[in-house]
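Engineer: The structure is given below, and queries will be raised subsequently.
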Amino acid sequence: MNWKVISLAVLFVGAFLFGCESDDEESHTHSHTHEQDVPKEYADRVNPFDGNAAAVAAGEQLFKTHCASCHGNTGKGNGPKAPATIPDWTIETDILTASDGMLYWHVAEGLTGTAMPAWKTTLSQDEIWQVIAYIRTL
């Protein structure tokens, strides 16, 4: 068997698993950002699925598939791969009061210095909005 292919496969799997299981302390630090920090291209975005029950249901399924391993099924930050400092969204004021644009930016681009990856290459724009519609119900 080709050792280069095996080495690349092992490297890819290791990099994928590293996202939620990093031992680097800096990656476990939740980085609060404020509305004024949101890039202009995201700041004014509004969720087109706000209040849409079908979108919330779709977002719940996407959340359970892509997010719950770290954030837990109900947003409490208690998923099986969660770093110790993931906040409980159900009580985290910054999350509860964040604008749609800020949440979209966090999901799409990830959070520097944390284990939160960018999802913009995995989820479509509509899927990101559906996840946010679900997050708003937690």
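Engineer: In the neighborhood of LYS120, defined by Cβ-to-Cβ distances under 14 Å, what is the net charge if each Lys or Arg adds +1 and each Asp or Glu adds -1?
Structural biologist: -3
Engineer: Run the quick spin-label model on THR137 and GLU41: label points 7 Å from Cα toward the beta carbon, then report their separation in nm to one decimal.
Structural biologist: 3.1 nm
Engineer: Amide H of VAL38: which non-local residues (sequence gap of 5 or more, or other chain) have their own amide H closer than 5 Å, using H built in the peptide plane?
Structural biologist: Amide H neighbours of VAL38: none.
Engineer: HN-Hα J couplings of the stretch 45-59 from phi, Karplus 6.51/-1.76/1.60, θ = phi - 60°, integer Hz, Gly and Pro as x?
Structural biologist: 5, 10, 5, x, 9, 4, x, 8, 4, 5, 5, 4, 5, 5, x
Engineer: Show me, for the stretch 65-75, the HN-Hα J-couplings you get by feeding each phi into the Karplus relation (A = 6.51, B = -1.76, C = 1.60, θ = phi - 60°), rounded to Hz, glycine and proline as x.
Structural biologist: 6, 10, 10, 5, 4, 9, 8, x, 5, 10, x
Engineer: Let me ask another. What does the C-alpha gyration tensor say about the overall shape of the stretch 55-115? Classify as rounded when a/c is under 1.5, otherwise prolate if a/b is larger than b/c, or oblate. Don't skip to the end; give the middle numbers.
Structural biologist: Working: a/c = 1.31, a/b = 1.03, b/c = 1.27.
In terms of gyration-tensor shape, rounded.
Throughout, read-outs are computed from the coordinates displayed, never taken from laboratory work. A quick note: this is a predicted structure, and the numbers were derived from the prediction, not measured. Glycine gets a Cβ as well: all are built from the backbone with ideal geometry, and neighbour counts include every protein chain shown.
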